[in-house]
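A quick write-up on the structure given underneath.
Values in this text are rule-based calculations from the coordinates and carry no lab data. Since this is a predicted model, take the numbers as computed values, not measurements. Don't worry about glycine lacking a Cβ; one is built from the backbone with ideal geometry, like all the others, and counts go over all protein chains shown.
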Amino acid sequence: MKRYFDKDFWWGAATSGPQSEGRFNKKHANMFDYWYEVEPDAFFDNVGPDVTSNFYNSYKDDIALMKSIGLNSVRTSIQWSRLIDDLELGTLNQDAVDFYNDVIDEFIKNDIKPIINLHHFDLPVELYHKYGGWESKKVVDMYVLFAKQCFKLFGDRVKDWFTHNEPIVVVEGEYLHEFHYPKLVDGKKAVQVAYNLNLSSAKAIKEFRSLGLDKDGGRIGIILNLTPTYPSSNESKDLEAAEFAELFNNRLFLDTAAHGEFPAKLVEILRKDNVLWESTDSELKIIKENTIDVLGVNYYHPNRVKAPDVSPNSVGAWLPDRYYDEYLLPGRRMNIDRGWEIYPKALYDIAMNIKENYNNIPWFVSENGMGISNEENFMSEDGVVQDDYRIDFINEHLIYLHKGIEEGSNCFGYHLWTPIDCWSWVNAYKNRYGLISNNIHTQIKTIKKSGYWFKEVTELKCIED
Ligand code: BGP
């Protein structure tokens, strides 16, 4: 059966500044630039973000390649650590202003809608060392200065803005599960950071509207990795575990961004556990009054949980994991290279959740994708990666997305991670995700089989079951 998408549907792909540009000409180091300086072997094969896919120098050729595979929209981010000269004052680095102006103009010249995200895990590291980064409300205000500069400089041409990418990953990676620098394990700080990230998003949205960009066709939102939670059984203990996981991992940001309020049940638990964030009435008012216009949803894999083996009340320092354990579904389909379960139906569940519980807000799939190691093994003699696994993966996800749209969910686009193989946090170049391959030694970029297939899909605006 053929499934048709709207004529204005966004067919695109996503990357970020720190993962594609390289470190050229940057005045400040971000958290990952610094981490790589002090601990290079924390990164796969000791490869850091210094060059990545060299977008800083090759953006014209890269954008031409993106156009050649039919992308009509591309998301990247503006690097705070590149754009801003004095972080405290929010003054500009003119080279960076010129660079981002050129990039945006080049996208538009190629009929690709530029979608801009502001923060993608890339806090300037000196703000962490000086103030504790997102633990500090002073840093929240510096981020708002950066956001305001971006809106003023580029808001005439960029109409779709996002404040953060996957803010829960900052909370988890930096403050709970030790997978991103500074690798702390501190539940109380984690909760404050989650609050401050939510506050920073609302404050940036307020600036956006006070500049009148919403009156000029502009929209602003947030990008969340809405990993749906599925309980291991219908027993009440597993259902409760799943409820907490959903509250902490998804609704902590989604309810706040979309409804302007933290979920009451989560607040109650955090208060009872003595770890609730510090907030003021005026901040909560800003959060209430500055909800999102649009939502980006990153989806890779489901989150399956069960009741924890240890009772929530009987463990030491507070961590959210005391309320649930991960559960591995027997017989699950896996992307073994990345260690993630493949479960396309979750996209339909996400679509229905947004429709039913979040006022059917306009949204798009802002990331989805399949990371594969040693992809050169799938390269045919002409240098084209024969990535049929990626084509199948995308197609299956689009089928479930289409079902959700048919049932009335207000989804307007699908972006794959990523247009051109780029560097990744910690995994560096281990897993390749792109529609276009990038040889990191020669910087030769070649369209993969999936890139040619995606072009056809964008032209026909149609997939097949
Ligand atoms: C998302 C991030 C992206 C990208 C992707 C793939 O969570 O927003 O920046 O890195 O994951 O992740 P990885 O390369 O670690 O498999």
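The distance separating the Cα centre of region 8-62 from that of region 121-165 comes to 18 Å. Beta bridges assigned by DSSP with both partners in the chain are antiparallel in approximately 30 percent of cases. Considered as an equivalent ellipsoid built on the Cα gyration tensor, region 346-451 has semi-axes of 32, 14, 10 Å, the largest given first. Distances longer than 24 Å among the Cα atoms of region 311-408: what percent of all pairs is that? Tail fraction, whole percent: 48. Here the dipole of the chain is about 800 debye; that uses its Cα centre as origin and unit charges on the Cβ of Lys and Arg (positive) and Asp and Glu (negative). Extent of the chain along its three principal axes (Cα atoms, max minus min coordinate, largest first): 61, 54, 47 Å. Its residue count N sets the reference 2.2 N^0.38 Å, and the alpha-carbon radius of gyration of region 42-136 equals 1.25 times that reference. For region 2-464, relative contact order (Cα pairs under 8 Å, six or more residues apart, normalised by length) works out to 19 percent. Peptides 218-230, 102-114 ranked from most to least packed, by the mean per-residue count of other Cβ atoms within 10 Å: 218-230, 102-114.
A dipole drawn for region 358-415 from +1 and -1 charges on Cβ atoms has a positive end, and of ASN368, CYS411, VAL385 the residue lying farthest that way is CYS411.
A simple spin-label model places the labels of LYS130 and ASP281 3.3 nm from each other, with each point 7 Å out along Cα-to-Cβ.
Normalising by residue count, region 201-302 has a Cα convex hull of 106 Å³ per residue.
Under a straight-distance cross-link criterion of Cα-Cα below 18 Å, which aspartates and glutamates are reachable from LYS26, leaving out those fewer than 8 residues away in the same chain? Leaving aside aspartates and glutamates fewer than 8 places away in the same chain, those within reach of LYS26 are GLU37, ASP50, ASP85, ASP86, GLU88, ASP95, ASP98, ASP102, ASP122, GLU126.
Run the paramagnetic zone check for HIS441: 7 angstrom along Cα to Cβ, then residues of region 346-374 with backbone nitrogen under 19 Å. What the label zone holds, given the 19 Å backbone N cut-off, is 373-374. Scaled against 2.2 N^0.38 Å for its residue count N, the alpha carbon radius of gyration of region 221-278 is 1.20.
In this model, which of LYS152/LYS206; LYS206/LYS285; LYS60/LYS159; LYS7/LYS355; LYS355/LYS403; LYS206/LYS288 are farther than 19 Å apart at the alpha-carbon? Going by Cα-Cα distance, LYS60/LYS159; LYS7/LYS355 fall outside the 19 Å limit.
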